[in-house]
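The values are calculated or read from the model by the stated rules, or taken from the named source; none is laboratory data. Everything quoted here is computed from the prediction, not taken from an experiment. Positions of Cβ are generated from backbone atoms using ideal geometry, with glycine treated the same way; all protein chains shown enter the neighbour counts. All accessible areas refer to the heavy atoms of the entire protein, side chains included, with ligands and DNA or RNA removed. Shrake-Rupley method; radii C 1.70, N 1.55, O 1.52, S 1.80 Å.
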Amino acid sequence: MIEGMVTSNLRLKGPRTDAMARYGRWIGAPEVEPARLVSDDEYIDLALMDGDWRGLAVYIYEAGDWTVFEEVSGGLGDRASSEWLSLADGRELIYAGYNDAIGYGELICISGGHVIRHFLDDDQDPGARIDVGRLPHEDRGPLEDWTDVASWVERNEDEFFPGSEQGWLWIHAVGG
């Protein structure tokens, strides 16, 4: 694992326009600005103003039958399963993220309106731990702590969160 890594991605089954509409309703916060098409080498700078995040920023692109939301500014994680189920809206969803500076990792997989796996480990808040369900590969080695989430993300990044040279930057106000 690379030191100082923070990554967080949301993957929704369906075309970008549908996924963005669901996400926009789910976030329930006003836009700082409408989504705009940008290149992958500028979206972080565009999400900042004077070194601070302009709001809850995501970089959005399509990957096959999925729409990926790269969480730029933080703020999507540590939500109840019921909130993720609402966003999934009966379809598939994967949210995976970790921050090795604070010892945090979360993975949630939803399919067919059911939580298949929700795992959260936070060194700063051990009482927030969630460990529900199992993924098929966990027969060989279950998720035990946040480092296992980081390893899962790194192993599966190319398949689930491949990146894109161009996508939509969308920023919403923090706090809804």
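Yes or no: the range 95-104 includes at least one residue that is more than 30 Å from residue 134 (Cβ to Cβ) and either under 16 Å from the mean Cα position of the chain (by Cα) or in contact (Cβ under 8 Å) with a residue 60 or more places away in the chain (or both). No: zero hits. Just to be sure, is residue 143 modelled with pLDDT of 90 or more, of a type in the set (A, V, I, L, M), open to solvent by less than 60 Å² (accessible area, probe 1.4 Å) and not in a loop (DSSP other than H, G, I, E, B)? Considered against the rule, which asks whether it is modelled with pLDDT of 90 or more, of a type in the set (A, V, I, L, M), open to solvent by less than 60 Å² (accessible area, probe 1.4 Å) and not in a loop (DSSP other than H, G, I, E, B), residue 143 comes out as no.
For residue 109, the conditions (1) open to solvent by less than 30 Å² (accessible area, probe 1.4 Å); (2) closer than 30 Å to residue 48 by Cβ; (3) at pLDDT 90 or above; (4) within 13 Å of the chain's Cα centre (by Cα) are fulfilled apart from (2).
Tally time: how many residues in the range 56-74 are over 15 Å from residue 8 (Cα atoms) and under 16 Å from the mean Cα position of the chain (by Cα)?
First, pick out the residues of the range 56-74 that are over 15 Å from residue 8 (Cα atoms): 62-66.
Pick out the ones that are also under 16 Å from the mean Cα position of the chain (by Cα) and you get 62-63, 66.
Within the range 56-74, residues that are over 15 Å from residue 8 (Cα atoms) and under 16 Å from the mean Cα position of the chain (by Cα) number 3.
Here's the yes/no breakdown for (1) free of Cβ contacts under 8 Å to residues at least 12 places away in the same chain; (2) of a type outside the set (D, E, K, R); (3) out of contact with any Ser or Thr (no Cβ under 7 Å at 6 or more places or on another chain):
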residue	(1), (2), (3)
56	no, yes, no
84	no, yes, yes
109	no, yes, yes
128	no, yes, yes
135	no, yes, yes
139	yes, no, yes
150	no, yes, yes
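With (1) under 27 Å from residue 148 (Cα atoms); (2) among the aromatic types (Phe, Trp, Tyr); (3) touching a residue at least 60 places away in the same chain (Cβ under 8 Å) as the list, and residue 26 as the residue in question, which single condition is left unmet? The single condition residue 26 does not satisfy is (1). Of everything listed in (1) under 15 Å from residue 11 (Cβ atoms); (2) open to solvent by 50 Å² or more (accessible area, probe 1.4 Å), the single unmet condition for residue 114 is (1).
Is there a residue in the range 158-176 that is under 21 Å from residue 14 (Cα atoms) and without any contact (Cβ under 8 Å) to a residue 12 or more places away in the chain? Within the range 158-176, one or more residues are under 21 Å from residue 14 (Cα atoms) and without any contact (Cβ under 8 Å) to a residue 12 or more places away in the chain. Apart from one condition, residue 132 fits all of (1) at pLDDT 95 or above; (2) within 16 Å of the chain's Cα centre (by Cα); (3) not polar (S, T, N, Q); the exception is (2).
Report whether or not residue 100 is in contact with an Asp or Glu (Cβ under 7 Å, 6 or more places away or on another chain) and modelled with pLDDT under 95.
Values: in contact with an Asp or Glu (Cβ under 7 Å, 6 or more places away or on another chain): yes; modelled with pLDDT under 95: yes.
Taking the combined requirement at face value, the residue satisfies it.
Does the range 120-127 contain any residue that is open to solvent by less than 40 Å² (accessible area, probe 1.4 Å) and small (Gly, Ala, Ser)? Explain how you work it out, then say what you get.
Initially, the range 120-127 is screened for residues open to solvent by less than 40 Å² (accessible area, probe 1.4 Å), giving 120-122.
Add one more test, that the residue is small (Gly, Ala, Ser), and what stays is none.
No, the range 120-127 contains no residue that is open to solvent by less than 40 Å² (accessible area, probe 1.4 Å) and small (Gly, Ala, Ser).
Given the criterion more than 20 Å from residue 24 (Cβ to Cβ), open to solvent by less than 30 Å² (accessible area, probe 1.4 Å) and either outside any loop (DSSP other than H, G, I, E, B) or of a type in the set (Ser, Thr, Tyr) (or both), identify the matching residue among 153, 132.
Details: 132 fails: open to solvent by less than 30 Å² (accessible area, probe 1.4 Å).
So the residue among 153, 132 that is more than 20 Å from residue 24 (Cβ to Cβ), open to solvent by less than 30 Å² (accessible area, probe 1.4 Å) and either outside any loop (DSSP other than H, G, I, E, B) or of a type in the set (Ser, Thr, Tyr) (or both) is 153.
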